[in-house]
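See structure below.
The values are calculated or read from the model by the stated rules, or taken from the named source; none is laboratory data. Worth saying up front: this structure is predicted, and the values here are computed from it rather than measured. Please note: Cβ atoms are built from the backbone with ideal geometry, for glycine as well, and neighbour counts cover all protein chains shown. The area values use the complete protein model at the heavy-atom level, side chains included, leaving out ligands, DNA and RNA. Shrake-Rupley method; radii C 1.70, N 1.55, O 1.52, S 1.80 Å.
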Amino acid sequence: MGRRLEKLRVLVVGGAGYIGSHTVKLLRSQGARVTVLDDLSTGRRFLVQSDDFVEGDLGDRRLTDRLFSSGFDAVMHFAAFSIVGESVQLPLKYYHNNVGKTASLLESMLGHDVERFIFSSTAAVYGEPEEVPITEEHPRRPKNPYGRSKLMVEQMLVDASDAHGMQYAVLRYFNAAGADPSASIGESHEPETHLIPIVLQAAAGKREAVKLYGTDYPTADGTCIRDYIHVNDLAAAHILALESLLDGNDSCAYNLGCGQGYSVRQVIETAKAVTGKDITVVEEQRRKGDPAVLVASSDKIRKELGWSPDYDDLEAIIETAWKWHNRR
Ligand code: UFG
């Protein structure tokens, strides 16, 4: 990557979150001028990697109109609630925040002639896979309100682009993991629901055990298989997507995973090897709504944008997460 983004003005909504903060760091290293908008409902102030930070609500039209009137070249939108189980309990919270407020952000943005938008979507838009690896052509039939809220925004972008000529890139993340190798930023959810941080908390003695949700899946060791992708490889994909839009290419949607699946047991074994600690595992019933296998085909973004992951094995990913965990 060169410094093609020199002086480009980018508004990063949700830049105090896990993936947003890593992308802000990379954007700034490329010379972009980044403003972060985040309401800190799940984001953390200490993760913000730009001096230009606005604490506020992306659905606050007065605020976003004021921001956009200062002139931006592009928007990256990471801000969303993302816990699948919670979305089943509180669907309207998810539709209001993830869909309604995104519509407001888009209206505000287009009202100020800002026409490039990069959107954090998810493998959850595909629902139960009919075949793996999952390509972008796979039917999108999400199984929970979280996935549906992301799909609704994807559809909104198609319509807004047809009507208003905006350009968008939709990035469908599989399982984001790891931390910047500097260990200055990393994953910090409260409550934590994701496998790798939970396993590392157990390794560090901050949690008694890891609950293993389901051992009777139709997989080699009976546990779920996921495609873990390093957060900096995700960040790099955002830069490439933005450069593609700047080059005048069409709007696009890409899957982002490494194309390699690891079972929950393999994650736990790898974490034991990386940390040198024992990890107690308690076998539990399946967690509702978990597909057995989710593995991405990322051939499209590899071919079209030349993306490839720097971190392509689980051990390297977990090493960065462990370094961050110990630094905190
Ligand atoms: N798991 C455990 N124990 C835990 C936590 C997780 O066994 O304490 C298992 C889960 O059952 C699953 C795997 O570890 O099989 C990975 O679970 P995560 O919660 O880390 O990730 P998910 O695959 O469930 O979810 C991720 C994102 C979601 C997104 C989804 C796409 O976090 O936002 O991928 O399908 F919707």
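Can you pull the Kirkwood radius for the stretch 88-197, inverse mean 1/r over Cα pairs, to one decimal in Å?
15.8 Å
If you roll a 1.4 Å probe over the stretch 224-323 with all protein chains in place, what percent of the accessible area is carbon or sulfur? The partial results should precede the final answer.
Numbers: 1730 of 4280 Å².
In the stretch 224-323, the share of accessible area belonging to carbon and sulfur is 40 percent.
Helix-only estimate, please: 222 nm mean residue ellipticity of the chain, summing -39500 (n - 2.57) across DSSP H runs of length 4 or more and dividing by its residues, to the nearest 500.
Values: 11 runs with 119 residues, N = 328.
Value at 222 nm, helices only, nearest 500: -11000 deg cm²/dmol.
Accessible area per residue of the stretch 242-302 at 1.4 Å probe, in Å²? Intermediate results must be reported in sequence, preceding the final value.
Details: 2910 Å² over 61 residues.
Accessible area per residue, the stretch 242-302: 48 Å².
Alpha carbons only, please: Rg and Dmax for the stretch 61-135, in angstrom.
Just the Cα atoms of the stretch 61-135 yield Rg and Dmax of 15.4, 46 Å.
State, to one decimal in nm, how far the label point of GLN155 lies from the label point of ARG286, with both points 7 Å from Cα in the Cβ direction.
Modelled inter-label distance: 2.7 nm.
Rounded to two decimals, what is the ratio between the C-alpha radius of gyration of the chain and 2.2 N^0.38 Å?
Values: Rg = 19.0 Å, N = 328, 2.2 N^0.38 = 19.9 Å.
Relative to the 2.2 N^0.38 Å estimate, the chain comes out at 0.96.
Could you tell me the convex hull volume per residue, in Å³, taken over the Cα atoms of the stretch 11-87? The partial results should precede the final answer.
Working: hull volume 6.9 nm³, N = 77.
Here the figure is 90 Å³ per residue.
So what is log10(I(q)/I(0)) for the stretch 224-319 at q = 0.10, 0.20, 0.22 1/Å, when the Debye sum runs over its Cα atoms only?
Here the Debye-derived log intensity ratios amount to -0.36, -1.01, -1.12.
List the extent of the Cα atoms of the stretch 156-225 along each of their three principal axes, largest first, rounded to whole Å.
53, 38, 22
What is the extension gain from HIS189 to GLN201, computed as 0.36 nm multiplied by their sequence separation minus the C-alpha to C-alpha distance, in nm to one decimal? Present the calculation step by step, with values, prior to reporting the outcome.
On the way: separation 12, 0.36 × 12 = 4.32 nm, distance 1.23 nm.
Full extension of this stretch gives 3.1 nm more.
What translational diffusion coefficient, to the nearest whole µm²/s, does the stretch 176-288 have by Stokes-Einstein, given a Kirkwood radius computed over alpha-carbon pairs, a temperature of 10 °C and 1.306 mPa s viscosity? Could you put the intermediate results ahead of the total?
Values: Rh = 16.1 Å.
After rounding, the answer is 99 µm²/s.
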